[in-house]
1. What FRET efficiency do you get for residue 255 and residue 278 if R0 is 30 Å and r is their Cβ-Cβ distance, rounded to the nearest 0.05?
2. How high is the relative contact order of the range 173-314? Use alpha-carbon pairs under 8 Å, at least six apart in sequence, and give a whole percent.
3. Using a basic spin-label model with each label point 7 Å from the Cα along Cα→Cβ, how many nm lie between residue 175 and residue 97?
4. Keeping all protein chains in place, calculate the accessible area per residue for the range 236-379 (probe 1.4 angstrom), answer in Å².
5. With a 1.4 Å probe and every protein chain left in place, tell me how much accessible area residue 229 has, in Å² to the nearest 10.
6. As I understand it, the dipole of the chain uses +1 on the Cβ of Lys and Arg and -1 on the Cβ of Asp and Glu, about the Cα centre. Which of 175, 63, 307 lies farthest toward its positive end?
7. Extending each Cα 7 Å along its Cβ direction at residue 324 and residue 302, get the distance between those two points in nm, one decimal.
8. Counting only protein heavy atoms and using a 1.4 Å probe, what share of the accessible area of the chain belongs to carbon plus sulfur, as a whole percent?
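The values are calculated or read from the model by the stated rules, or taken from the named source; none is laboratory data. Not measured: the values here are computed from a predicted model. Counting neighbours? That spans all protein chains shown, and the Cβs are built from the backbone with ideal geometry, glycine included. The area values use the complete protein model at the heavy-atom level, side chains included, leaving out ligands, DNA and RNA. Shrake-Rupley method; radii C 1.70, N 1.55, O 1.52, S 1.80 Å.
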Amino acid sequence: MDTVTAFAQRRQEAEIPVTSATTADAGRTLAVTATYLLSEEGRKASLLAGGAGRAVQQITVEVPTNRLHLVSVDAEGVARLKLRPRYQLDGEQQVVRIDAAPTYDAPPDIEDLFREAARNHQLERAYQTERHAAKVRRREADLERRAQVAQAFLSDPTQRALVHPPPTPKRCYLATEHGRVLFDANADEAPTREVPVEAHRRFRADLRARHQQNQQQRTEQLALHEEKKREIAEWMATRGTPEQQARQGAGVLPMEEAIEAMTEEAFAILADRPRYVHDGLARLQTHLRHLPEHADTAVTRDDLVVTSANGEKMTAAQWALVQEFQPLLPDATVTLRMHKLAWKRDMQIALPPVFGVLVTQRVGPFTLRREYAAPEAGR
């Protein structure tokens, strides 16, 4: 690193001694470090001039007091000529900041460095002014946007604040197209400061309404359960077996068993029809046994993925079966169901769909269901 010390020329002493403090200060200088860069051409020129030819050059210059505005002093008391960062105008005449020292193709003289520092000093002020103005514009735009969001929230009673974290009378968050926005009653101005109180009021009202709704649903569920118990008791009293009636009287008859007995009676006319068998696990295991790479793989219930849907198309045999069931149970709903079976570990391994005819019928408070085997799509 080349180090050169340049000293400002001393003024010739006047014949009459000068005692003014202003004159004394004008003759004082400050030793300042100036750092700049040399390009490859500049490094060559430095070597030809007897310098070290390094890319980073650092020299010490004496700056008079009337040019101290071109100097910056850090917290450690080190004074540097304002060469870094650099400021310059871009193509749109906007001042941009470059965090690098200036680069020269030849070692500059002291006045070149002073001119560079002066230009940086002027453009830095413009840069800071532009940044401040941009910050003010962003703040004003943000305040306007927040005011619009607040006004829209306050005027629309269906809008709600985010529930995590829960809104309080002092703070709340709203979801906007720019992300979630914090509203603070202590820091904001009207109308944004009114948002937390209203958001909290709506939040509490929703909690009360949800609590009331849950209580109502609970009451309805209990009433339905009691109705089902009464229906089962009446059904068992006239149709149950003596053993079932005894258990019913003792209060130990499972409701599932009673519902199954009611289902058997409701669909007795279809008793000779084959039921749909839920044998998907066995089907999958058999399918994997025929694949050499999975022949020894054992599957469990968790490995089976079943996707069921109503059949949109029917073969002639499937249509005939549905048409046969419907007159037998005119009050029931008869639907063709399609079940797709796949292996969770590899969803590409899937079995051909299987079909069933689902029959549902309303009996008192119960919806009774039973599914029967249906012909496959290829039959």
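1. 0.90
2. Relative contact order comes out at 9 percent.
3. 3.7
4. Computed with neighbouring chains in place, this is 60 Å² per residue.
5. Answer for residue 229: close to 90 Å² accessible.
6. 175
7. About 4.1 nm separates the two model spin labels.
8. Exposed carbon and sulfur together represent 51 percent of the surface.
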